[in-house]
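A.B. asks: Please read through the structure below; I'll follow up with questions.
Laboratory data are not the source of any read-out in this text; all were calculated from the coordinates shown. As the structure is a prediction and not an experimental result, all values here were calculated from the model. Don't worry about glycine lacking a Cβ; one is built from the backbone with ideal geometry, like all the others, and counts go over all protein chains shown.
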Amino acid sequence: MVLEVTANKISDDAETKEGKAKDDKANELFRAEKTWFEIGVDTDRDMRYGAWQIKEIIDLTLPPLQTQKEQYLINFDTDVEKVELEAKLYYYISGGKGDVVYSVKKTLEFDVD
């Protein structure tokens, strides 16, 4: 699973979808990713731990139906008035094809005096 969090600056100018797509990287203020791997297997799909080590890891992991919260501290410049925060959670069943299982998008507005 991969959690991807981004913060993009929103300008007051009305933009077309094409113009917005080109400017996304220029307006990106923050990006973070957190990756969770299958227990006992590394990114090359090789066994990383033995059975007894996997059992110890499972005993210390998050129990079913429990949640884990992630918190990020983001500092913005003083001229930023509007920011769009987006978080997406991807689930990768095999290799490079990931499906979005959860997505949330929020817009924050700041009073700049």
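A.B. asks: Using the per-residue mean of other Cβ atoms lying within 10 Å as a proxy for protection, in what order, highest first, do the peptides 81-93, 101-113, 63-75 fall?
C.D. replies: Going by the mean number of other Cβ atoms within 10 Å, highest first, we get 81-93, 101-113, 63-75.
A.B. asks: Tell me, in nm to one decimal, what length is gained between ASP46 and ASP77 on full extension, where the rule is 0.36 nm per residue of separation less the Cα-Cα distance?
C.D. replies: Details: separation 31, 0.36 × 31 = 11.16 nm, distance 4.38 nm.
Answer, rounded to one decimal: 6.8 nm.
A.B. asks: Taking 8 Å as the Cα distance limit and 6 or more residues as the minimum spacing, I'd like the relative contact order of the range 50-113 as a percentage.
C.D. replies: 29 percent
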